[in-house]
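What follows is one structure encoded as structure tokens, with my remarks underneath.
The values are calculated or read from the model by the stated rules, or taken from the named source; none is laboratory data. Worth saying up front: this structure is predicted, and the values here are computed from it rather than measured. Cβ placement follows ideal geometry from the backbone for every residue including glycine, while neighbour counts extend to all protein chains displayed.
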Amino acid sequence: MHVMKTLVLWILPVILLCSFCSVAFWIFLSNNNVSPNPSSKIPQKVSDTQSCKGCKENVFMSKALGNYSNRWKKNEANFKRFRSLLSGKCHAVSKAVVTQNNTPLGSNIIYDGERRKPIQVTQALFNILAKEQPFGNATWESCAVVGNGGILTNSSCGKEIDSAQFVIRCNLPPLDNRYEKDVGNKTNLVTANPSILHEKYSSLMERRRPFVESLRPYGHALMLLPAFSYGHNTAVSLRAFYTLEDFGSNGPLPVFLNPEYLRSLSKFWRERGLNSVRPSTGIIMASLALEICANVHLYGFWPFSKHLNDSRRITNHYYDDRQSKKNVHSMPAEFEHLLKLHKQGVVRIHLGDCQPTHR
């Protein structure tokens, strides 16, 4: 009996102390807005994310529209200054394309997109390189660089694009009758992303005639292949070259984009605050045009899912809604840099519908 009383006397204070600590703990949680059940906060976080979906895009769009004006006038001094900076760093006229002059037999080509063993210029590789730089020293009076943005849909910009002296298109876009009114069909240079060759043409490991026939809309344009950006691009790009040669194609002339030029161009834009993993094809071609053209016009450059005029939903490309790799390219940031050049009178960005005007 004595033992029981002793236990009660010891246990009772412990119980009271535990109760007091428990109450104090709950009061502390309540006062600090901390929930003991983590899952109770999850719906709120998801709701916040969903409710703000597109907020960042809206901010970018508002900023873009604030810097954009249809009343554009070229500033010759700004144009010459920027062009001089660009050509001084990148030398597109002599280095944009791999040639026998800038890449001698026995030299090494260093990939610009990854660290790997350089590829040596063997006799076989040297033989298929362009003998000279395709751009020469000539300057085209007007160039249209055509991005593939959905903003071109129903734009009626086709005739205006085709009126440019030199037309650059990106990533083998479709140019059939469905799109001619909006994007035109004239092509002097077209890029060919190896991912398209892998996905649409089975890496040119199967039937190759469909690939050759698909190139007919581009006529005798230069076809620019980034064969030396990544190791996995080399073989398929060479197969594209040999396919056109084997079929005796009277179509595009394949040439290879120079990784040295791409490294210089990436550094040029990084020095101006563009920190994407790699510049997109669009800004590469816009940069090239700024070195070889006296007047540069950009079409289809609009990296947003809403139209600038009425905020209606538009597709990512004028021909499909496939999304770009956002972890590689920073399209809104690139567009912001191009908009600065538009505002400075260096390039003209065409947004919205085209009107019959004299340029």
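For the reader, a short list of remarks on this structure follows.
- Residue in segment 106-114 that is assigned to a loop (DSSP other than H, G, I, E, B), modelled with pLDDT under 95 and either farther than 20 Å from R272 by Cβ or touching a strand residue (DSSP E or B) at 6+ places or on another chain (Cβ under 7 Å) (or both) present: yes
- When residues of segment 339-354 are limited to those that are farther than 17 Å from A77 by Cα and not charged (D, E, K, R), the one surrounded by the most Cβ atoms within 10 Å (Cβ to Cβ): I349
- When L197, L175 are checked against the criterion of being crowded, with 17+ Cβ neighbours inside 10 Å, among the hydrophobic types (A, V, I, L, M, F, W, C) and in contact with a Pro (Cβ under 7 Å, 6 or more places away or on another chain), L175 stands alone in meeting it.
- Selection of segment 242-293 for residues being more than 30 Å from N127 (Cβ to Cβ), of a type in the set (V, I, T) and surrounded by 15 or more Cβ atoms within 10 Å (Cβ to Cβ) yields only I283.
- Against the numbered list (1) in a loop (DSSP other than H, G, I, E, B); (2) surrounded by 16 or more Cβ atoms within 10 Å (Cβ to Cβ), P332 comes up short only at (1).
- Failed condition for V98, given (1) out of contact with any Ser or Thr (no Cβ under 7 Å at 6 or more places or on another chain); (2) modelled with pLDDT of 95 or more; (3) within 21 Å of E336 (Cα to Cα): (3)
- Screening segment 206-243 for residues that are touching a Ser or Thr at 6+ places or on another chain (Cβ under 6 Å) and either assigned to a loop (DSSP other than H, G, I, E, B) or among the β-branched types (V, I, T) (or both) and picking the one that is nearest to T281 (Cα to Cα) gives A227.
- Qualifying residue in segment 186-199 (condition: of a type in the set (G, A, S) and over 20 Å from the mean Cα position of the chain (by Cα)): no
- Enumeration of residues in segment 111-143 that are over 17 Å from T99 (Cα atoms) and charged (D, E, K, R): E114, R115, R116, K117, E141
- Residue match in segment 214-224 (condition: farther than 13 Å from N171 by Cα, among the hydrophobic types (A, V, I, L, M, F, W, C) and crowded, with 21+ Cβ neighbours inside 10 Å): no
- Listed by first and then second residue, the pairs with beta-carbon distance under 8 Å, at least 6 apart or on different chains, first residue in segment 273-295 and over 18 Å from T139 (Cα atoms), second part of a helix (DSSP H, G or I) and of a type in the set (D, E), are L274/E334; S276/E334; P279/E334; S280/E334; G282/E334; I283/E334.
- Number of residues in segment 281-317 that are under 26 Å from L262 (Cβ atoms) and not hydrophobic (A, V, I, L, M, F, W, C): the value is 11.
- Qualifying residue in segment 180-191 (condition: part of a helix (DSSP H, G or I), in contact (Cβ under 8 Å) with a residue 40 or more places away in the chain and under 25 Å from L351 (Cα atoms)): yes
- One residue alone among S311, S280 is under 17 Å from A64 (Cβ atoms), modelled with pLDDT under 90 and out of contact with any Leu (no Cβ under 7 Å at 6 or more places or on another chain), and that residue is S311.
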